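Reading through the structure tokens given below for one structure.
The values are calculated or read from the model by the stated rules, or taken from the named source; none is laboratory data. Computed from a predicted model, the values in this text were never measured in an experiment. Glycine gets a Cβ as well: all are built from the backbone with ideal geometry, and neighbour counts include every protein chain shown. SASA here: full protein model, heavy atoms, side chains in, ligands and nucleic acids out. Shrake-Rupley method; radii C 1.70, N 1.55, O 1.52, S 1.80 Å.
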Amino acid sequence: MATVRTYSNLDVAVRSDTSDVGEGPVFDPRTGHLLWVDIYGCKVYDDDLSTGRQTVAEVGTMVGAVAPRAAQEGFAAAVADGFGFVTAGGLTLVDPVLPEPNLRMNDGKVDSHGRFWAGSNDMEFAPGQGRLHRWDGDGPSVVVADGLVLPNGLGWNAEDTVLYLADSYANLLYRADFHAEAGEIGRLEVLAKTEGAGVPDGLAVDVEGCFWVAMHGGREVRRYDPAGRVVGVVPVPVLQPTSCAFGPDGRLYITSARNGLSAEELDRSPLSGSVFVIETGTQGVPVRPFRA
């Protein structure tokens, strides 16, 4: 049985009492700022953690994730209807792959070759309607996996040979062989079925081969080893941690949600919706900017 380490000394990186569903943290290599989204609030937050200055972009539709662009201004975004770009002029929808009103994009991340991967789901979380998409930026996106419920956090190991994926309302963590040059994956294999409180939400992968999963409804972030065993736990002071990302300093940044919480729960967890940070003693696998 694996030894489980508890990580302590959590701090608040960004205090927020207005963010509804904070999600999708990622660092922008152009500025060093922390980017994150409010899915239902339809916002993108850009935080300069060195000064405390925050810039907010109103997207005008649900936004599941954003990614810095490699050679252009603004961000690539996975939004309700598909993929597009967010600039100072607002959202430009480029790939309207989800015209159905009952579907939306969710969490996403860019791979080592600059391709944007994101999950989509039914608004009522109907089983089998979840899909995993890949957008290369030079044409329509493609579906690389289907038959899921709520595909959520994803990431790749340091060797760039394995994709990890959380399916929240199936309580499953998947792995798949990853073929980096082609941008293709093998069959999704169940690595672990999560147990205890909460469902697996967003995740981040470290250079030691482990991955960190926010347990929405579980008040913690778990560190899993490549065999799917829990080897670490980060208790958080809110019920609904949603995702996490490594900063360039090796610290782990954790987003959270206040959506659906009662007044009593918000009284118990007044920091719901904020972003937290903690030392981990490791580094994250670098996340690239979007290539288009």
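Stretched out fully, how many nm does the piece from residue 102 to residue 227 gain, at 0.36 nm a residue minus the Cα gap? Don't skip to the answer; put the middle values down first.
Numbers: separation 125, 0.36 × 125 = 45.00 nm, distance 3.53 nm.
Difference between extended and current length: 41.5 nm.
How much length is gained if the chain between residue 249 and residue 40 is pulled fully straight, taking 0.36 nm per residue apart and subtracting their Cα-Cα distance, in nm to one decimal?
Stretched out fully, the residue 249 to residue 40 stretch lengthens by 72.3 nm.
Using only the alpha-carbon atoms of the chain, report the extent along each of the three principal axes, biggest first, to the nearest angstrom.
Largest first, the chain extends 45, 41, 36 Å along its Cα principal axes.
Rounding to the nearest 20 debye, state how big the charge dipole of the range 147-292 is about its Cα centre with +1 on each Lys and Arg Cβ and -1 on each Asp and Glu Cβ. List each step's numbers first, then the result.
Working: 12 positive and 18 negative charges, 41 e Å.
In debye, rounded to 20, the range 147-292 gives about 200.
With label points built 7 Å along Cα→Cβ from the Cα atoms of residue 181 and residue 8, find their separation and express it in nm.
About 5.0 nm, to one decimal.
Please identify every one of the chymotrypsin sites (Phe, Trp or Tyr not before Pro) in the range 30-111 that sits in a loop by DSSP and has no more than 15 other beta carbons within 10 Å of its own beta carbon. Spell out each step's value before the answer.
Details: sites: 36, 40, 45, 75, 83, 85; in loops: 40.
Of the chymotrypsin sites (Phe, Trp or Tyr not before Pro), the ones in loops of the range 30-111 whose Cβ has at most 15 other Cβ atoms within 10 Å are 40.
Just grab the label-to-label distance for residue 73 and residue 197, each label 7 Å out from Cα along the Cβ direction, in nm (one decimal).
4.6
In whole Hz, what ³J(HN,Hα) sequence does the range 95-106 give by Karplus (6.51, -1.76, 1.60; θ = phi - 60°), x for Gly and Pro?
After applying 6.51 cos²θ - 1.76 cosθ + 1.60, I find 10, x, 7, 10, x, 5, x, 8, 10, 7, 6, 10 Hz.
Calculate the dipole size of the chain relative to its Cα centre from +1 charges on Lys and Arg beta carbons and -1 charges on Asp and Glu beta carbons; express the result in debye to the nearest 20. All intermediate terms of the calculation are to be shown ahead of the outcome.
On the way: 23 positive and 39 negative charges, 68 e Å.
With Lys and Arg at +1 and Asp and Glu at -1, about 320 debye.
Can you find, among 64, 6, 39, the residue sitting farthest towards the positive end of the charge dipole of the range 1-64, where Lys and Arg contribute +1 and Asp and Glu -1 at Cβ?
The residue sitting most towards the positive pole is 6.
Round to a whole number: what % of the accessible area of the range 169-292 belongs to carbon and sulfur, probe 1.4 Å?
48
What does the accessible area of residue 269 come to, in Å² to the nearest 10, when a probe of 1.4 Å is used?
Here the accessible area works out near 0 Å².
Given H placed 1.01 Å from N in the peptide plane, which residues other than close sequence neighbours of residue 42 have an amide H under 5 Å from its amide H?
Amide H to amide H, under 5 Å and 5 or more residues apart or across chains, residue 42 pairs with 63.
Which of the trypsin sites (Lys or Arg not before Pro) found in the range 1-61 are loop residues per DSSP with 14 or fewer other Cβ atoms within 10 Å of their Cβ? Please report the intermediate quantities before stating the final value.
Working: sites: 5, 15, 30, 43, 53; in loops: 15, 30.
Counting only loop positions with at most 14 other Cβ atoms within 10 Å, the trypsin sites (Lys or Arg not before Pro) in the range 1-61 are 15, 30.
Any idea what the alpha-carbon Rg over 2.2 N^0.38 Å comes to for the range 207-292? Write out the running numbers ahead of the final one.
Numbers: Rg = 14.1 Å, N = 86, 2.2 N^0.38 = 12.0 Å.
Scaled against compact globular proteins, the figure is 1.18.
Using the Karplus equation 6.51 cos²θ - 1.76 cosθ + 1.60 (θ = phi - 60°), what ³J(HN,Hα) coupling, rounded to whole Hz, does each residue of the range 208-222 give in order, writing x for Gly and Pro?
Working through the residues one at a time gives 8, x, 9, 9, 10, 10, 6, 9, 5, x, x, 6, 7, 10, 10 Hz.
Compare 239, 165 by solvent-accessible area with a 1.4 Å probe and give them largest first, with all protein chains kept in place. Intermediate values should be presented prior to the final figure.
On the way: 239 45, 165 0 Å².
In descending accessible area the options line up as 239, 165.
Just to verify a number: FRET efficiency for residue 158 and residue 262, C-beta to C-beta distance, R0 = 45 Å, to 0.05? Don't skip to the end; give the middle numbers.
Values: r = 41 Å, r/R0 = 0.92.
It comes out at approximately 0.65.
Skip the ligands, DNA and RNA, and give the accessible area per residue of the range 63-205 with a 1.4 Å probe, whole Å².
On the way: 5410 Å² over 143 residues.
Solvent-accessible surface per residue comes out at 38 Å².
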